[in-house]
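The values are calculated or read from the model by the stated rules, or taken from the named source; none is laboratory data. Quantities reported herein were computed from a predicted structural model and do not represent experimental measurements. Cβ atoms come from the backbone with ideal geometry, glycine included; neighbour counts cover every protein chain shown.
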Amino acid sequence: MLPVDEIDWIEARGDYVRIHAGGRMDLMRVPIGSLEARLDPRCFVRVHRSAIVNLARVREVQTPPFGQAVAVLQNGQRCPLSRGGRGRLEKVLGQPI
């Protein structure tokens with residue numbers, strides 16, 4: 001098992017999730033929705049139908065004038081933000097993005 005605080009972000013892959021943590025990637029057979037329900041919502045936010053981010057790892061949010069907004073993590077990885085995910089991230093951070 002992987003300590004939850006080491007997770008950078010989680011990516012959906014069908015009935016699996018790929019957990020990105022400290023440069024490693026682990027595959028787990030669990031739907032992303034089931035895993036999301038088990039995570040602390042004060043630490044993890046679903047930002048896209050295929051992505052959950054660890055709030056402690058978010059360095060910045062980039063919102064280009066055209067194209068999809070992304071959350072840039074401390075390690076440089078970029079996670080897509082849906083419109084709803086962006087709203088959830090704004091709510092948790094307490095500021096507009």
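When region 58-76 is examined, which residues are found to be crowded, with 17+ Cβ neighbours inside 10 Å and either under 10 Å from the mean Cα position of the chain (by Cα) or not small (Gly, Ala, Ser) (or both)? Scanning region 58-76 gives 58, 61, 70, 71, 73.
Name the single residue that is modelled with the lowest pLDDT among those in region 42-54 being surrounded by 12 or more Cβ atoms within 10 Å (Cβ to Cβ) and more than 17 Å from residue 82 (Cβ to Cβ). Out of the qualifying residues, it is 43. Those strands (runs of 3 or more DSSP E) of the chain in which at least 1 residues are free of Cβ contacts under 8 Å to residues at least 40 places away in the same chain and of a type in the set (Val, Ile, Thr), considering only elements entirely within it, cover 16-21, 58-62, 70-73.
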